[in-house]
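For reference, the structure discussed in these notes is given below.
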2 protein chains.
Amino acid sequence: MSVLVVGSIGLDTVKTPVEEHANLLGGSASYAAVSASFFAPVNLVGIVGEDFPTAHVEYLRSRKIDLEGLQTVPGKTFRWSGEYEWDLNIRHTRSIELNVFEHFTPTLPKSYATSPYVLLANIAPKLQSHVLDQMERPRFIIADTMDLWINIAREDLNALLPRVDMLILNDSEARQFTGETSLIRAGAKIRKLGPKFVAIKKGEHGCLLFGDNLFFSCPAYPLEDIHDPTGAGDTFAGGVAGYLASRNSDAVNFEGLRKAIVYGSVMASYNVEEFSLERLRKLETQDTESRYQSFKALSQFEVIA
Amino acid sequence: MSVLVVGSIGLDTVKTPVEEHANLLGGSASYAAVSASFFAPVNLVGIVGEDFPTAHVEYLRSRKIDLEGLQTVPGKTFRWSGEYEWDLNIRHTRSIELNVFEHFTPTLPKSYATSPYVLLANIAPKLQSHVLDQMERPRFIIADTMDLWINIAREDLNALLPRVDMLILNDSEARQFTGETSLIRAGAKIRKLGPKFVAIKKGEHGCLLFGDNLFFSCPAYPLEDIHDPTGAGDTFAGGVAGYLASRNSDAVNFEGLRKAIVYGSVMASYNVEEFSLERLRKLETQDTESRYQSFKALSQFEVIA
């Protein structure tokens, strides 16, 4: 089963206290699509300018990502520049150039309309809704979001939520969105706004999954060194969507979602080991399996197979 | 097998944004001993003044806690008063009256010297070492500590660490102690100072256990309402020590320690549901088993029995 991934595609300049790299492949859709491609065929919808390096296009193609939905238009590609403090949880945006992304309207090629799994990676909720308007009864829809949209487009986000099966957001966004300090309350409150499932990402503390009287706590992989947290959330979402699509089951149940959350965490844990998508470029499919087994070993306290 | 518990015994006044209660049974040893008593026989060493209510003594006795090591001396019992913000992670100490605790020297009754399991609940590391000086080859020694001792008694703490099997501390203390922002690095660094095992408590995010190339991530129980976080860490430590003692095995291994960490988390999760030790007063032994099963259900993603 295929996954439709819609989001931003950009060129990033990222600085940590240790290194700085410019013009890296970035954007929510790039990370999410590559991550999902380890599990299932991916249809990508996004926009780039004429300056977008052919090498990046070739890389996406090498991942068997369908690029019919990739619009290349006159102008410059979206650019983002950010800097991390020693505590890599703290990030400052240095500059944003929307460029061709400013007038992006995600238009789906006809063949994408029947994609059974949909990942609305982080873009404006209005655009996310616009994607769903073009879809024919997808089986499972995941939306990622961020603090920016909670601040400036809350109405659009509220309109989107009843239309998606799962919302993914991080802990501070969940608190901000609901006004609850308890993440347990926050997760329950967001579910009441529409999504059957809510995943709250907690960075170094892992991830919580909320369903109807169901709860799953996924640990984080214990990394001593994180080189670049950029794209961790997108990679996570891509892994979740990709794994679900690979299972090809009629219904997505909580048991399958747990495993999907773990595979998402597997992908995010690899991604932060190097800058941009460098680590995923080297990743083999069997690596995902071996780290999945590590997640089992570090979280299970009975019946350790 | 029995557990020796040494620590403070006090009368607490606790204020949250919702309620305030005065003269509650408190202190690290009270919480730890009662928690451990759900799993194993407990020998308690502590000090109280003549004002210490008989009802509290009777309650400890009703838990089958041996009180031969409880010193009752002229003067007033240790008192602590604290206030929590709406975010219950933030606590302010309003007042401390050391009273008889100021000159406490933990002196062990002869029969306690052979206790195979030892929990040095949170008191000055010098006193913790003094307890060990009186012991005959205990099987497993756990020490709890806090930021105060890291600040004012680091040398004493460094002297204690090679003598204990496991150190328990919370995430901010682990960062403060090691100067590492990464808890994974912090845990490894503390192990190099002596303890074979380190448990880092993360409150709402659960707990990490570090061993020799071994790592376990224990989730937190998802509570919507926490009424009083006081004593959560002590109850956790008591559950860990009590469960280990109950297993009565020749060697404490990482597998057993994982389960002990989960039982410690079970006890802490109950404890915060009400003020002081009120929740533990109502707790039945079978409750610990049912919540242990809940921990399994919320953290395991395969072979869910």
Can you tell me how many residues within region A:132-141 are assigned to a helix (DSSP H, G or I) and surrounded by 14 or more Cβ atoms within 10 Å (Cβ to Cβ)?
1
Note on A:G238: of the conditions (1) closer than 15 Å to A:I261 by Cβ; (2) over 15 Å from the mean Cα position of the chain (by Cα), unmet is (2)
Please work out if B:L98 is among the aliphatic types (A, V, I, L, M) and within 14 Å of chain A (Cβ to nearest Cβ).
no
If a residue has to be touching a residue at least 40 places away in the same chain (Cβ under 8 Å), over 18 Å from B:A232 (Cβ atoms) and not acidic (D, E) to count, how many in region B:161-179 make the cut?
1
Residue selected from region B:238-258 under the condition under 18 Å from B:V5 (Cβ atoms) and of a type outside the set (A, V, I, L, M), by the criterion modelled with the lowest pLDDT
B:N248
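Quick one: which strands (runs of 3 or more DSSP E) lie wholly within region A:45-120 and hold at least 2 residues that are surrounded by fewer than 15 Cβ atoms within 10 Å (Cβ to Cβ) and free of Cβ contacts under 8 Å to residues at least 24 places away in the same chain? Break it down stepwise before answering.
Numbers: elements: A:65-73, A:78-84, A:91-97, A:117-120.
By residue number, A:91-97.
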Hits in region A:142-162 - residues which are in contact with a helix residue (DSSP H, G or I) (Cβ under 8 Å, 6 or more places away or on another chain), among the acidic types (D, E) and in a helix (DSSP H, G or I):
A:D147, A:D156
Selected residue [hydroxyl-bearing (S, T, Y) and buried (at least 21 other Cβ atoms within 10 Å of the Cβ)] from A:S37, A:S2:
A:S37
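The values are calculated or read from the model by the stated rules, or taken from the named source; none is laboratory data. Everything numeric here is computed off the predicted structure, so don't read it as measured data. Using ideal geometry, Cβ is built from the backbone for each residue, glycine included, and neighbour counts are taken over all protein chains shown.
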